[in-house]
Amino acid sequence: MQKTQSAPKRDHKIIQHGITRIDEYYWMREREDPQVVEYLQAENQYLEEALKHIQPLEDTLFQEMKGRIKEVDSSAPEKIRNYFYYTRTEADKQYPVYCRKKDTLEAPEEILLDQNQLAQGHEFCSVSAFSISPDETKLAYSMDLEGAEVYTIYIKNLNDGSLYPETINRTHGSVYFTVGAEWAEDSETLYYLSLDAYHRAYQLFRHTLGTNSSEDELLFHETDETFSLTLFKTRSQQYIMIYHYNTLSQEMRFLAADKPDAELKVLQPRKPGLEYYATHLGDSFLIITNDNARNFRLMKTPVSAPGMENWQEILGNRADVLIEHVDVFENHIVLHERKNGLRQLRVSHTDGVSNLRYVAFPDPTYEVFVDANFEFRTNQMRFRYSSLTTPMSVVSFNMDTGEWTVLKEETRSPAGTKRRNMSPSMFSSPHPTAKRFPCPWPIKRD
């Protein structure tokens with residue numbers, strides 16, 4: 001068998017915080033160094049030879065895992081304005097195809113983006129931003145072909161499939177979430193975040209369609225290196241929100257989405273230890289905050305005077321319930337809560353009190369994640385639900401009646417279980433601190 005080799009050592013002096021240390025392998029950071037490439041190739045060859053005796057097992061496991069994946073599939077369509085949007089996958093292709101149909105699901109399919117085509121000739125391809133303009137004729141999407149989560153924004157004309165000439169480089173995005181670009185209501189103005197040398201989202205820019213990105217207007221520069229930025233548009237479509245965050249504190253800014261030259265305003269200036277998150281409803285912002293509330297409380301404040309001196313409590317702190325997030329629809333507030341270790345969804349009227357109900361989940365232990373839910377004027381909330389015996393399911397929940405409809409369910413049960421033979425259960429396990437914590441457990445039926 002080929003012998004593994006030790007990486008050569010090269011002294012490299014690093015001085016940090018007045019302390020000097022020697023990193024003998026610093027040289028291996030240089031990806032283009034021929035010696036680095038040669039060493040890594042030798043390591044890979046050694047690995048292949050050392051593990052070749054288990055290759056049949058690897059092939060068996062791969063085929064088993066592949067057999068649990070439905071290669072030809074599509075997501076549950078979601079109606080946004082005048083179109084149904086969905087993604088679909090094709091056999092032997094790695095990435096999704098983004099599609100839509102106008103007015104009805106029987107309409108002809110329009111392919112917005114085929115990620116498989118974008119990935120041709122590349123070992124990696126990630127699409128982060130995927131933002132349709134309010135007039136439904138343009139798509140702003142961002143793509144990373146290196147795996148470093150440094151994205152380039154492209155703008156596509158959905159009428160003829162052509163790309164606008166400008167591109168926007170080195171922007172914020174995510175492999176896991178659809179983030180990175182938001183349109184103003186004029187469908188000509190785009191907001192995005194740029195990255196610094198350490199890949200921190202730190203600048204907010206405003207781009208005008210058809211212009212060079214070098215001319216974009218800088219709206220905010222986060223100079224505190226402990227803070228990063230995220231960007232989103234409220235479900236009401238009326239405001240662009242900027243979320244500043246570090247480990248212990250948060251701050252938010254906002255600007256009107258219907259005014260291309262709108263001024264960026266601070267909602268509540270940051271304070272050490274103050275955490276809050278805000279979204280929009282009517283003439284108010286709804287806020288969850290840890291201000292005088294270890295488990296967070298729900299507040300409201302006027303858009304015209306949003307500072308915390310005007311915050312009014314809707315739902316106070318509760319010792320046994322943690323508020324994790326708030327979603328707002330035209331006639332409903334949904335609080336994402338956690339109690340006894342489990343997520344729960346609290347649905348009420350926009351006063352936060354009346355017509356109160358909790359989503360009733362069928363299993364004693366489960367996972368639930370609320371989808372983006374782009375439509376504001378609706379009584380339907382979409383979420384994803386699964387348990388030890390229930391495959392991942394896309395559910396549409398009627399916030400007025402409590403009725404839920406399964407829109408899509410994975411065809412294979414987790415870990416190959418047979419649902420009819422298993423029941424989920426929950427028990428509390430003791431902890432040395434004398435506290436108890438919930439443990440899910442599947443039980444086989446007799």
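We did not get these values from a lab; they are worked out from the coordinates using the rules stated. Every value quoted in this text rests on a predicted model; they were computed, and no experiment measured them. Cβ placement follows ideal geometry from the backbone for every residue including glycine, while neighbour counts extend to all protein chains displayed.
Summary table below
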{"quantity": "Within straight-line cross-link reach of Lys93, lysines at Cα separation under 17 Å, skipping those fewer than 8 residues along the same chain", "calculated": "Lys66, Lys70"}
{"quantity": "Segment Tyr176-Lys259, extension gain: residue separation times 0.36 nm, minus the distance between their alpha carbons", "calculated": "26.8 nm"}
{"quantity": "Separation of the Glu367 and Glu48 label points, Cα + 7 Å toward Cβ, nm", "calculated": "3.4"}
{"quantity": "Integer Hz, Karplus 6.51/-1.76/1.60 couplings in order for the range 29-45, x for Gly and Pro", "calculated": "6, 7, 5, 8, 5, x, 5, 5, 4, 4, 5, 5, 5, 5, 4, 5, 5"}
{"quantity": "P(r), alpha carbons of the chain - 10 Å bins starting at zero, rounded %", "calculated": "4, 15, 24, 26, 20, 10, 2, 0"}
{"quantity": "Restraint check, Lys156/Lys233; Lys13/Lys271; Lys102/Lys300, Cα-Cα greater than 29 Å", "calculated": "Lys13/Lys271; Lys102/Lys300"}
{"quantity": "Distant-in-sequence amide H partners of Gln344 (H built 1.01 Å from N, under 5 Å)", "calculated": "Glu337, Arg338, Lys339"}
{"quantity": "Farthest positive-ward along the range 290-346 dipole, Cα basis, beta-carbon charges - from Val321, His336, Phe296", "calculated": "Val321"}
{"quantity": "In order through the range 144-150: 3J(HN,Hα) via Karplus (6.51 cos²θ - 1.76 cosθ + 1.60), integer Hz, x for Gly, Pro", "calculated": "10, 10, 10, x, 9, 6, 10"}
{"quantity": "Of Gln203, Gln238, Gln45, the one that fluctuates the most in a GNM where the chain has Cα springs shorter than 10 Å", "calculated": "Gln45"}
{"quantity": "Among Ile333, Ile22, Ile242, residue whose mean-square fluctuation peaks in a GNM of the chain (springs only between Cα atoms under 10 Å)", "calculated": "Ile22"}
{"quantity": "Dipole-positive endmost among Asn379, Pro391, Ser128 within the chain (Cβ charges, Cα centre)", "calculated": "Pro391"}
{"quantity": "Potential lengthening between Leu274 and Leu209 on full extension [0.36 nm per residue; Cα-Cα distance subtracted]", "calculated": "19.7 nm"}
{"quantity": "Prolate/oblate/rounded call for the range 122-274, Cα gyration tensor, a/c under 1.5 rounded", "calculated": "oblate"}
{"quantity": "The range 117-191, relative contact order [Cα under 8 Å, separation at least 6], %", "calculated": "30"}
{"quantity": "Charge dipole (debye, nearest 20) of the chain; +1 at Cβ of Lys and Arg, -1 at Cβ of Asp and Glu", "calculated": "2000"}
{"quantity": "Residues Leu218, Leu40 arranged by fewest to most Cβ contacts within 10 Å", "calculated": "Leu218, Leu40"}
{"quantity": "Distance (nanometres) between label positions extended 7 Å along Cα→Cβ at Glu403 and Ile111", "calculated": "3.8"}
{"quantity": "Relative contact order, percent, the range 122-274 [alpha-carbon distance under 8 Å, six or more residues apart]", "calculated": "15"}
{"quantity": "Computed E for Glu64/His122 - FRET, C-beta separation, R0 30 angstrom, nearest 0.05", "calculated": "0.60"}
{"quantity": "Exposed chymotrypsin sites (Phe, Trp or Tyr not before Pro) absent - longest run of the chain, DSSP non-H/G/I/E/B, at most 14 other C-beta within 10 Å", "calculated": "199-446"}
{"quantity": "Which of Asp261, Asp363 has the fewest Cβ neighbours within 10 Å, and the rest in rising order", "calculated": "Asp261, Asp363"}
{"quantity": "Highest-MSF residue in the chain out of Gly173, Gly161, Gly121 [GNM, Cα springs under 10 Å]", "calculated": "Gly121"}
{"quantity": "Inter-label distance for Tyr358 and Gln16, nm, one decimal - labels placed 7 Å from Cα along Cα-to-Cβ", "calculated": "4.5"}
